[in-house]
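Below is one structure, written out as structure tokens, with a few remarks after it.
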Amino acid sequence: MRVMNIIHDSVVDGEGLRTVIFFAGCPHFCPGCHNPASWNIRNGIEMSVEEVVQEVASNPLTDVTLSGGEPFFQAKEVAEVAKRLKDLGKHIWAYSGYTLEQLIDAEDVHQRELLSYCDVLVDGPFILAKKDLTLSFRGSSNQRIIDLHKIDVPLEKASL
């Protein structure tokens, strides 16, 4: 999988102390994106699932945030990373330009699988006209912070 960077000890990419994995590749191309270099899937470096998991596990004090780019763009590989991190007891936040409804309705089974390993989803594209610097953990007011444990997230196709 292609990874832009892995940063330890973030306090701005979710609640608590977090290791953030920035994945390469994003189909949304949001104007005003904070990380446009991540749009191109050829940017970053190639890492195996094992390499990503070992890098995250090297810091036992942090939980994990999946960001990008779009983590669901490489859903098959990222789902395996998320599964392994859950097995280590990590709490996982994911940032996605897709809405929760789009991910639940996705034809890609790996996107739904990845969603099943996440505890919190920050969903929706960044919309420059709705940019709000007063918001915690998100850039525009259309984006939602969804505690996936407080809703019943079906792995099968469904509407909310």
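Taking 0.36 nm per residue of sequence separation and removing the Cα-Cα distance, the S141/I45 pair yields an extension gain of 31.4 nm.
Can you work out D for region 1-89 in µm² s⁻¹ from Stokes-Einstein, where Rh is the Kirkwood radius over C-alpha pairs, the temperature is 20 °C and the viscosity is 1.002 mPa s? Reported coefficient: 164 µm²/s. When C33, C26 are compared by accessible area at a 1.4 angstrom probe, the order from most to least is C33, C26. In this structure, D152 and Q102 have a Cβ-Cβ separation that, at R0 = 25 Å, corresponds to a calculated FRET efficiency of about 0.90.
Applying 1/(1 + (r/R0)^6) with R0 = 22 Å to the Cβ-Cβ distance of L61 and A37 gives a FRET efficiency near 0.20. Highest mobility in the GNM of the chain, judged by mean-square fluctuation with C-alpha springs under 10 Å and restricted to F22, F72, F137, is found for F137. With both labels modelled 7 Å from their Cα along Cα-to-Cβ, the D132 to S116 distance reads 3.4 nm.
Within the chain, DSSP assigns beta bridges of which about 50% are antiparallel (rounded to the nearest 5). Neighbours of V122 by Cβ distance under 10 Å: Lys/Arg scored +1, Asp/Glu scored -1, total 0. What percentage of all Cα-Cα pairs in region 77-122 are separated by more than 13 Å? Value for region 77-122: 51 percent of Cα pairs lie more than 13 Å apart. Here the Karplus curve 6.51 cos²θ - 1.76 cosθ + 1.60, taken at θ = phi - 60°, turns the phi angles of region 124-129 into couplings of x, x, 6, 10, 3, 5 Hz, with x standing for Gly and Pro. Rounded, prolate or oblate: pick one for the chain, where a ≥ b ≥ c are the square roots of the eigenvalues of its C-alpha gyration tensor, a/c under 1.5 means rounded, and failing that, prolate if a/b is larger than b/c, else oblate. Rounded shape, in that the Cα axes give a/c under 1.5.
All other residues with a Cβ under 14 Å from the Cβ of A24 taken together, and with Lys, Arg as +1 and Asp, Glu as -1, what is their net charge? Net charge around A24: -1.
Accessible surface area normalised per residue over region 50-91 is 43 Å², counting heavy atoms of protein chains with a 1.4 Å rolling probe. What you get for the chain, charging only the Cβ of Lys and Arg (+1) and of Asp and Glu (-1), is a dipole of about 360 debye around the Cα centre.
The values are calculated or read from the model by the stated rules, or taken from the named source; none is laboratory data. Keep in mind the model is a prediction, meaning the values are calculated, not measured. No Cβ is skipped: glycine too gets one built from the backbone with ideal geometry, and neighbour counts run over all protein chains shown. What goes into the accessible areas is simple: the full protein's heavy atoms, side chains included, and nothing from ligands, DNA or RNA. Shrake-Rupley method; radii C 1.70, N 1.55, O 1.52, S 1.80 Å.
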